[in-house]
């Protein structure tokens, strides 16, 4: 899969202006609040999903590309395809768990 030229992660869900931004404060996307009868909780969830995009893209890229390149685990060649797929699944699960945890923090 071709490398995308996006701003590297990690991204944070909100700054004081309602923008998703990098850890250094560079805005990535604005999440609009109070439009189309969207609840505050839904707006926050949307911001969390945008912020998770780099990690989710990494996991999807691993899944999409694994037959095209030599699968690796921890920088070493994988013993078999199942190990490479388990590694990609682990990256995806970690991104989802972090997204869910951030969602709980925002709701509190």
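Mind ordering 42-55, 19-32 by average Cβ neighbours within 10 Å, highest first?
Details: 42-55: 19.0, 19-32: 14.6.
Most protected by this proxy first, the peptides run 42-55, 19-32.
Round to the nearest 0.05 the FRET efficiency obtained for residue 38 and residue 96 when R0 = 30 Å and r is the Cβ-Cβ distance. Can you show the working numbers first?
On the way: r = 22 Å, r/R0 = 0.74.
So, using R0 = 30 Å, E works out to roughly 0.85.
So what are the three principal axis dimensions of the stretch 9-51 from its Cα atoms, in whole Å, longest to shortest?
Principal-axis extents of the stretch 9-51 (Cα, largest first): 31, 17, 12 Å.
Between residue 60 and residue 15, what FRET efficiency comes out of the Förster formula 1/(1 + (r/R0)^6) with R0 = 30 Å and r the beta carbon distance, rounded to 0.05? Present the calculation step by step, with values, prior to reporting the outcome.
Working: r = 26 Å, r/R0 = 0.87.
Given R0 = 30 Å and the Cβ-Cβ separation, E is 0.70.
Computed from the coordinates by the stated procedures, all read-outs in this text should not be read as laboratory data. Everything numeric here is computed off the predicted structure, so don't read it as measured data. Methodologically, a virtual Cβ is constructed for each residue, glycine included, from the backbone with ideal geometry; neighbour enumeration extends over all protein chains shown.
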